[in-house]
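K.L.:
Below you'll find the structure I mean.
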Amino acid sequence: MGARTYRTVLIGAGNVASFLRDNIKPPFELTCVGGRQRTCLIPQDADLYIISVSDRAIRSVAEELKDVEGLVVHTAGSVAMNVLSQRRRGVLYPLQTISKKRQIPASRVPFYIEASEEQDAELLCLLAESMGSKAEQMDSERRKYLHLAAVFCCNFVNRLYGLTADLLEEHNIPFSVMLPLIHETADKMDELTPSEAQTGPAVRWDEAVMAQQMALLDDEQKLLYQLLSKSIHDDKLRLDKD
């Protein structure tokens, strides 16, 4: 399979599309790249079509490719493969936080793939390997939970970083003071489970400290503090019971 060139069309202009544009390598050759307002005409005889647009736009873009014979895939985590009507269809989902302003090696971007035909799953594996990455097959039902977990693990955590930065900035403290703590918290996951690594006043249910801290917060921050503290303590009680 690796002896030939696979003509590849990439539709999209966001973070994931930009990452793919910069990392796709032989035997895959990009013949057309662009977002919804692209200037190049989509060839009808390409081997692979990658739709990397917003979830709500996938179906309409796929309609533009309804007559192609090549493999058509999207890159979304929570959209089922069957949103694509093509006979040869699949998913190429990168489980990573990707931003245009930060380059990341493809070796740190694992792909979770799905395809309607086994030979196309092999083609997606080849694509990942050619970029220096790895691919693992996962169906749409399991992948939606993978994506949900990523929202908790990455997007929600990053929003907490944002709240932390705002809180510190109000009191003229640089966010950089948190970096050693952030790095150690992440590094712990190599050796401990999240429950084992958990520390802080909510684990001990130190009501005096918690009340003092909540008094410093606005209503939104206080609600988050209460919800997260309860979740932390409930997990501690569950572990103690086990």
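FYI, it's all coordinate maths here, none of it is from the lab. For clarity, every value in this text was computed on a predicted model and none was experimentally measured. Cβ placement follows ideal geometry from the backbone for every residue including glycine, while neighbour counts extend to all protein chains displayed.
K.L.:
Each residue of the stretch 73-82 in turn: what ³J(HN,Hα) in whole Hz from Karplus with 6.51, -1.76, 1.60 and θ = phi - 60°, glycine and Pro shown as x?
P.N.:
10, 10, 10, 7, x, 10, 9, 5, 4, 6
K.L.:
Using a 7 Å offset from the Cα along the Cα-to-Cβ direction at both E170 and S99, what is the distance between the two label points in nm, to one decimal?
P.N.:
Roughly 2.3 nm, to one decimal.
K.L.:
Using the Cα centre of the stretch 6-138 as origin and beta-carbon charges of +1 (Lys, Arg) and -1 (Asp, Glu), tell me which of G70, T97, Q86 is placed farthest towards the positive end of the dipole.
P.N.:
T97
K.L.:
What fraction of the DSSP beta bridges in the stretch 22-179 is antiparallel, stated in percent and rounded to the nearest 5?
P.N.:
Just about 40 percent of them are antiparallel.
K.L.:
I'd like to know which of L216, L228, P174 lies farthest towards the positive end of the charge dipole of the stretch 143-241, counting +1 on Cβ of Lys and Arg and -1 on Cβ of Asp and Glu.
P.N.:
Working it through, the farthest residue towards the positive pole turns out to be L228.
K.L.:
Just the Kirkwood number for the chain, please: inverse of mean 1/r across all distinct Cα pairs, in Å, one decimal. Present the calculation step by step, with values, prior to reporting the outcome.
P.N.:
Values: mean 1/r = 0.0484 Å⁻¹.
After inverting the mean inverse Cα-Cα distance, the result is 20.7 Å.
K.L.:
To the nearest 0.05, what FRET efficiency results for M214 and L239 with a Förster distance of 30 Å applied to their C-beta separation?
P.N.:
Details: r = 25 Å, r/R0 = 0.82.
After rounding to 0.05, the efficiency reads 0.75.
K.L.:
Let me ask something else about it. With the crude spin-label approximation of a point 7 Å out along Cα→Cβ, what separation in nm comes out for Y145 versus D45?
P.N.:
4.5 nm
K.L.:
Over 23 Å, how big is the tail of the calculated P(r) for the stretch 143-241, in percent of all Cα pairs? Working shown, then result.
P.N.:
On the way: 1647 of 4851 pairs.
Cα-Cα pairs of the stretch 143-241 separated by over 23 Å account for 34 percent.
K.L.:
So what's the gap between the Cα centers of the stretch 51-101 and the stretch 124-196, to the nearest angstrom?
P.N.:
24 Å
K.L.:
Excluding same-chain residues fewer than 8 positions from K241, which lysines have a Cα within less than 19 Å of its Cα?
P.N.:
K230
K.L.:
Shifting gears a bit: Give me the number: length gained by fully extending N158 to E63, i.e. 0.36 nm times residue separation minus the C-alpha to C-alpha distance, one decimal in nm. Spell out each step's value before the answer.
P.N.:
On the way: separation 95, 0.36 × 95 = 34.20 nm, distance 3.49 nm.
So the extension gain works out to 30.7 nm.
K.L.:
Here's something else I'd like to know. Output wanted: per-residue J couplings in Hz (rounded whole) for the stretch 209-225, from phi through Karplus 6.51 cos²θ - 1.76 cosθ + 1.60, θ = phi - 60°, x for Gly and Pro.
P.N.:
Rounded to whole hertz, the list is 5, 5, 5, 4, 6, 5, 5, 8, 10, 7, 4, 5, 4, 5, 4, 4, 4.
K.L.:
Still on this structure: Given charges of +1 on the Cβ of Lys and Arg and -1 on the Cβ of Asp and Glu, with all other atoms neutral, how large is the dipole of the chain about its Cα centre, in debye to the nearest 20? Let's see the in-between values first.
P.N.:
Numbers: 28 positive and 35 negative charges, 140 e Å.
Dipole size: approximately 680 debye.
K.L.:
Assuming 0.36 nm per residue, please report the length gained on full extension of the stretch V203 to D55 beyond their Cα-Cα distance.
P.N.:
Numbers: separation 148, 0.36 × 148 = 53.28 nm, distance 3.82 nm.
So the chain would gain 49.5 nm between V203 and D55.
K.L.:
About its Cα centre, how strong a charge dipole does the stretch 6-138 have in debye, to the nearest 20, once Lys and Arg get +1 and Asp and Glu get -1 at the Cβ?
P.N.:
Working: 16 positive and 16 negative charges, 151 e Å.
Roughly 720 debye, rounded to the nearest 20.
K.L.:
How large is ³J(HN,Hα), in whole Hz, for each residue of the stretch 163-170 in order, when computed from phi with the Karplus curve 6.51 cos²θ - 1.76 cosθ + 1.60 and θ = phi - 60°, using x for Gly and Pro?
P.N.:
Going residue by residue, I get 5, 4, 4, 5, 4, 5, 4, 4 Hz, with x marking Gly and Pro.
K.L.:
Now, a different point. Just flag the GluC sites (Glu not before Pro) in the stretch 57-124 sitting in loop per DSSP whose Cβ has no more than 14 other Cβ atoms within 10 Å. Walk me through the intermediate numbers first.
P.N.:
Working: sites: E63, E64, E69, E114, E117, E118, E122; in loops: E64, E69, E117.
Passing both the DSSP loop test and the Cβ count: E64, E69, E117.
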